[in-house]
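For reference, the structure is listed below as structure tokens.
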Amino acid sequence: MTDFPTSSSSSFDVDPVSSSAILAKNIRVGSSSCSPLLIMKMWAFFFVGLLCTHLSPVSARIGASDSSRTQPTERISGSAGDVLEDDPVGRLKVFVYELPSKYNKKILQKDPRCLNHMFAAEIYMHRFLLSSAVRTLNPEEADWFYTPVYTTCDLTPNGLPLPFKSPRMMRSAIQLISSNWPYWNRTEGADHFFLVPHDFGACFHYQEEKAIERGILPLLQRATLVQTFGQRYHVCLKDGSITIPPYAPPQKMQAHLIPEKTPRSIFVYFRGLFYDVGNDPEGGYYARGARAAVWENFKDNPLFDISTEHPSTYYEDMQRAVFCLCPLGWAPWSPRLVEAVIFGCIPVIIADDIVLPFADAIPWEEIGVFVDEKDVPNLDTILTSIPPEVILRKQRLLANPSMKQAMLFPQPAQPGDAFHQVLNGLARKLPHGRSVHLKQGQKILNWTAGPVGDLKPW
């Protein structure tokens, strides 16, 4: 880890903008007196030291329940702040279908690892709704219907979900509710919602080409999909979907918090793959080449603490960093986005056309930095050009407890958390339009559409 030296506040008790201008004027790349590497090291010392002094330190707690924090915060202004603090109770009623345990509980019993992986939102959302104040036991008064199917809880020995049975499992569950209850048939699922936290949502494949070829499961074409995958103009994201954060264990992150006054002595931080040799041996396809570009351009840059190693101090290091890279991988999203927000590290989002979680409630443009994939080679210039006062404001917004809470699925649930943001999203879709209910005898969905393998019994 490149941990830059810091100085006392008196050493940097100067105007940060004018100081950086003076340094830029007196140190130029290509000058006869300074090598580029030396210049970069001087920039590193100056800029990181400046940030450590002027910018917010790490936060002391995770979640909205924290009342003891001393870190400066800023409320999200305008409609986004109002939406973030909405209370869904009283605005909708949800009926939870009671399915045979083979669709959920028994699957989890076979592999408890499903409780801790990034796709676990489908499990925790089910548990939350069973005891939620919005649940109704009378389906006639329900606004929404929820089918609890754990389609990602089929893991390899390495803990990665296998989606190959998911389409048949989902079809089986829909066939069951359409046979035993009248509510699916009257709308063909238009007042139903499903959790589909796969890499590419209800396309049910982890490789993008295959996911695009498959498309969204035909029986889910009218339903509202709650999914981690979000990318504009993509066949695996349908209109009206609710994009959510991936699951990150709140208790685990809480256990790794460091003292509140710890300075942010790392400028840019990233841990993860740059190449996926096993699945992309020729290179260039994984992350559309963006991660490879990060490594090739900045592996020797002293401003960048980047590596494939995943140290035991990973969470602590994020709390010491000013910027945390959140590049796409096989899919545009990853838990790094959640971790960055929780730890107050400004997320640098490198994923063209990404649709971010709860975008109507969280002002991503104000708290993050967006870098086009083609501009990755200029990442150092982009980040060092951001004025300190802009970084300060992003950190104040990130320090807002409600911002952090919205990214988490805590146990037990807490006001304003990701569970409640999902319900807020569903409530904002009410009342249902007239097109939701079908006319007598009307059919829209094709039950025999899709790959032949999906039609086999589960």
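A few points about this structure:
- Residue identified as in contact with a helix residue (DSSP H, G or I) (Cβ under 8 Å, 6 or more places away or on another chain) and assigned to a helix (DSSP H, G or I) among LEU379, LEU408, LEU356, LEU383: LEU379
- Screening segment 344-396 for residues that are farther than 27 Å from ARG288 by Cα and among the acidic types (Asp, Glu) and picking the one that is least open to solvent (accessible area, probe 1.4 Å) gives ASP360.
- Identity of the residue in segment 297-328, outside any strand (DSSP E or B) and open to solvent by less than 10 Å² (accessible area, probe 1.4 Å), that ends up nearest to GLY278 (Cα to Cα): LEU328
- Residue identified as of a type in the set (Lys, Arg) and either at pLDDT below 95 or within 19 Å of PHE200 (Cβ to Cβ) (or both) among ARG336, ARG320: ARG336
- Segment 298-315 residues that are touching a residue at least 40 places away in the same chain (Cβ under 8 Å), paired with ones that are in a loop (DSSP other than H, G, I, E, B) (beta carbon under 7 Å, 6 or more apart): PRO302/THR2; ASP305/MET1; ASP305/THR2; TYR315/HIS256; TYR315/PHE343
- Filter pass, ILE244 being closer than 25 Å to LEU408 by Cβ and in contact with an Asp or Glu (Cβ under 6 Å, 6 or more places away or on another chain): no
Residues are listed down the side, and each one gets a yes or a no for (1) at positive phi; (2) out of contact with any Gly (no Cβ under 9 Å at 6 or more places or on another chain):
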position: ASN279; (1), (2): no, yes
position: ALA287; (1), (2): yes, no
position: ALA293; (1), (2): no, yes
position: TYR315; (1), (2): no, yes
position: ARG320; (1), (2): no, yes
position: GLY329; (1), (2): no, no
position: PRO335; (1), (2): no, yes
position: VAL348; (1), (2): no, no
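- Segment 77-88 residues that are outside any helix (DSSP H, G or I), paired with ones that are modelled with pLDDT of 60 or more (beta carbon under 6 Å, 6 or more apart): ASP86/ASN424; PRO88/HIS420; PRO88/LEU423; PRO88/ASN424; PRO88/ALA427
- Condition check for ASN424: under 20 Å from GLU85 (Cα atoms) and either free of Cβ contacts under 8 Å to residues at least 12 places away in the same chain or not in a loop (DSSP other than H, G, I, E, B) (or both): yes
- Single condition LEU337 does not satisfy, out of (1) open to solvent by 50 Å² or more (accessible area, probe 1.4 Å); (2) in contact (Cβ under 8 Å) with a residue 60 or more places away in the chain: (1)
- Screening MET403 against (1) part of a loop (DSSP other than H, G, I, E, B); (2) surrounded by 14 or more Cβ atoms within 10 Å (Cβ to Cβ) leaves a single unmet condition, (1).
- Identity of the residue in segment 147-162, part of a loop (DSSP other than H, G, I, E, B), in contact (Cβ under 8 Å) with a residue 12 or more places away in the chain and more than 20 Å from the chain's Cα centre (by Cα), that ends up surrounded by the most Cβ atoms within 10 Å (Cβ to Cβ): VAL149
- When residues of segment 205-217 are limited to those that are in contact with a His (Cβ under 9 Å, 6 or more places away or on another chain) and not in a helix (DSSP H, G or I), the one most open to solvent (accessible area, probe 1.4 Å): TYR206
- Annotation note: Cβ proximity below 9 Å between a residue of segment 400-414 that is touching a residue at least 24 places away in the same chain (Cβ under 8 Å) and a residue that is hydroxyl-bearing (Ser, Thr, Tyr) and crowded, with 21+ Cβ neighbours inside 10 Å (sequence gap 6+ or interchain) occurs for PRO401/SER59; LYS404/SER59; LEU408/TYR247; PHE409/TYR247.
- Among (1) over 30 Å from LYS443 (Cα atoms); (2) in contact with a Ser or Thr (Cβ under 6 Å, 6 or more places away or on another chain); (3) crowded, with 21+ Cβ neighbours inside 10 Å, the one test that TYR247 misses: (2)
Residues are listed down the side, and each one gets a yes or a no for (1) within 28 Å of ILE306 (Cβ to Cβ); (2) open to solvent by 10 Å² or more (accessible area, probe 1.4 Å); (3) not in a helix (DSSP H, G or I):
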| position | (1), (2), (3) |
| --- | --- |
| LEU219 | no, no, no |
| ARG222 | no, yes, yes |
| LEU237 | no, yes, yes |
| GLN254 | yes, yes, no |
| VAL268 | yes, no, yes |
| VAL277 | yes, yes, yes |
| PRO281 | yes, yes, yes |
| ALA292 | yes, yes, no |
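- Residues in segment 163-204 that are under 19 Å from the mean Cα position of the chain (by Cα), open to solvent by less than 10 Å² (accessible area, probe 1.4 Å) and of a type in the set (D, E, K, R): 0 in all.
- Hey, GLN231 more than 21 Å from GLN442 (Cα to Cα) and of a type in the set (S, T, N, Q) or not: yes
- Within segment 116-131, the presence of a residue that is open to solvent by 70 Å² or more (accessible area, probe 1.4 Å), farther than 24 Å from HIS192 by Cα and in contact with a strand residue (DSSP E or B) (Cβ under 8 Å, 6 or more places away or on another chain) is excluded.
The values are calculated or read from the model by the stated rules, or taken from the named source; none is laboratory data. As the structure is a computational prediction, the values presented were derived from the model and not from experiment. So basically every Cβ, Gly included, is an ideal-geometry build from the backbone, and we count neighbours across all protein chains shown. Heavy atoms of the whole protein, side chains included, go into the accessibility calculation; ligands, DNA and RNA do not. Shrake-Rupley method; radii C 1.70, N 1.55, O 1.52, S 1.80 Å.
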